[in-house]
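No value in this document is a laboratory result; all are computed from the given coordinates. Predicted model only: the values in this text are computed from it and were never measured. FYI the Cβ positions are ideal-geometry reconstructions off the backbone, even for glycines, and counts take in every protein chain you see.
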Amino acid sequence: MHWFESTGTPPQVFEGTFEENTLVMTDPQSSPQVQLRYSVPYDGALNTEVLMSEDGADWKPFMEGTYQRA
């Protein structure tokens with residue numbers, strides 16, 4: 001997945017896999033490292049989490065939210 005944003009950060013490439021029902025993708029090239037986590041808690045919703053880590057082992061939440069179908 002490619003990540004683009006409006007803060008001036010260059011595009012990032014995330015790679016990952018599913019851990020049970022959660023898609024976990026990491027960009028090990030960024031500093032700090034960034035991890036994206038997506039899951040579907042129920043029909044019509046998508047949970048998203050953005051975590052950051054200085055060492056790639058200790059992940060701290062940066063942002064989280066739930067998108068819901070209107």
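3J(HN,Hα) along region 38-45: 10, 8, 10, x, 6, 4, x, 10 Hz, from the Karplus curve 6.51 cos²θ - 1.76 cosθ + 1.60 with θ = phi - 60°, whole Hz, x for Gly and Pro. Applying a DSSP loop filter and a limit of 13 other Cβ atoms within 10 Å to the GluC sites (Glu not before Pro) in the chain leaves Glu5, Glu20, Glu54. Net charge dipole, the chain: roughly 240 debye, given to the nearest 20, about the Cα centre with Cβ charges of +1 for Lys and Arg and -1 for Asp and Glu. Could you tell me how far the Cα centroid of region 5-33 sits from the Cα centroid of region 56-70, in Å? Measuring centre to centre over Cα atoms gives 12 Å.
Checking (1) 43, 27, 14; (2) 35, 28, 19; (3) 32, 25, 19 against the coordinates, the calculated Cα extents along the principal axes in Å falls under label (2).
Phi-derived couplings, Karplus 6.51 cos²θ - 1.76 cosθ + 1.60 at θ = phi - 60°, listed residue by residue for region 61-70: x, 10, 7, 8, x, 10, 8, 10, 5, 6 Hz, with x used for Gly and Pro. Among the chymotrypsin sites (Phe, Trp or Tyr not before Pro) found in region 27-70, those both in a DSSP coil and sparsely packed, with 14 or fewer other Cβ atoms within 10 Å of their Cβ, are Tyr42. Note on Glu20 and Val40: the extension gain reaches 6.1 nm, defined as 0.36 nm multiplied by sequence separation minus the Cα-Cα distance.
So for the chain, taking the charge dipole from beta-carbon charges (+1 Lys/Arg, -1 Asp/Glu), which of Asn21, Gly8, Leu36 sits furthest toward the positive end? Of the listed residues, the answer is Gly8. Considering only alpha-carbon pairs that sit under 8 angstrom and 6 or more positions apart, the relative contact order computed for the chain is 19 percent. Near Ser30, no amide H atom lies under 5 Å from its own; only residues 5 or more places off or on other chains count, and H is placed 1.01 Å from N.
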